[in-house]
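Inspection log for the structure reproduced underneath, given as structure tokens.
The values are calculated or read from the model by the stated rules, or taken from the named source; none is laboratory data. Bear in mind the structure is a predicted one, so any value in this text is a computation, not a measurement. Virtual Cβ from ideal backbone geometry, glycine too; neighbours counted across all protein chains shown. Just the protein is used for accessible areas: all its heavy atoms, side chains included, with ligands, DNA and RNA removed. Shrake-Rupley method; radii C 1.70, N 1.55, O 1.52, S 1.80 Å.
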Amino acid sequence: MTTSHTPTHTSAPPGGTPPIPVTHWEELFAAGCSFHRADDKELHLLADHVLPTVGQQALDVGCGLGGYAAGLAGLGYTTLAVDWAQFSVAAVRDRYSGLEPRLSAFCLDFEDDEAVTRALPTASFDLITMRLVLAFMTDKTAIARRVHRLLTPGGAWVITTPMAERQSADRRRIAVTAQDLAVVTGHFERGSWYDLEPGGIRCIVMRR
């Protein structure tokens, strides 16, 4: 690389930490909690790297409370937001009802290949985003293959994530390692990366 079904399992962060059950995320989202919020600068940087066209299809995996998915809709994408937490999906539908039909949401466990295959057609998305999500995915090789299958030819997968080597030991569970990235980028022919700020969160852009 150059520069709706009920979940039945838990996701395991890297580094041997215990799995995080879906009830944990339900409680966080019910309390209105979210991660580092996307701002205009982040969305402008994304647009510079993926060059959106109005009417293209986007999939935001692990959408949380929907702010990033709403930003994608604002860039012109017809955006589907998915999360395995029921409260997350309900919050997106409630908060952003005014963006329908450009933004829709439903509950989906992206680590369940059968569920993804039933719900999402092959080669149907021009952009797939995972913002602060990949670290919590168990089988990153399977995730990369799934994303590759869902992207249109030339489509982009954007991973936004902290890097493990930049984190203190107690925060590495929320980050991806260089090895993690090697696993997922090996399924794509070309890509690039940029940081949202020096030494901060990194965005990896891979093209099918």
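With closer than 20 Å to I204 by Cα, at pLDDT below 90, among the small types (G, A, S) and surrounded by 14 or more Cβ atoms within 10 Å (Cβ to Cβ) as the only criterion, which of A81, A58, A38, A69 stands out?
None of the others qualify; the one that does is A38.
One residue is enough: does region 106-125 have a residue meeting the conditions under 20 Å from C203 (Cβ atoms) and not acidic (D, E)?
yes
Can you tell me which condition T3 does not meet? The list is (1) modelled with pLDDT under 95; (2) out of contact with any strand residue (DSSP E or B) (no Cβ under 6 Å at 6 or more places or on another chain), and all the others hold.
All conditions pass for T3, except number (2).
So which residues in region 152-189 are farther than 12 Å from K140 by Cβ, surrounded by 17 or more Cβ atoms within 10 Å (Cβ to Cβ) and β-branched (V, I, T)?
V158, T160, I174
What pairs come out if I take residues in region 54-67 that are closer than 15 Å to M137 by Cβ and pair them with residues that are in a strand (DSSP E or B) and of a type in the set (S, T, N, Q) whose C-beta lies under 6 Å away, six or more apart or interchain?
What qualifies is D60/T129.
For V133, work out the one condition from (1) open to solvent by less than 30 Å² (accessible area, probe 1.4 Å); (2) over 15 Å from the mean Cα position of the chain (by Cα); (3) within 21 Å of L45 (Cβ to Cβ) it doesn't fulfil.
(2)
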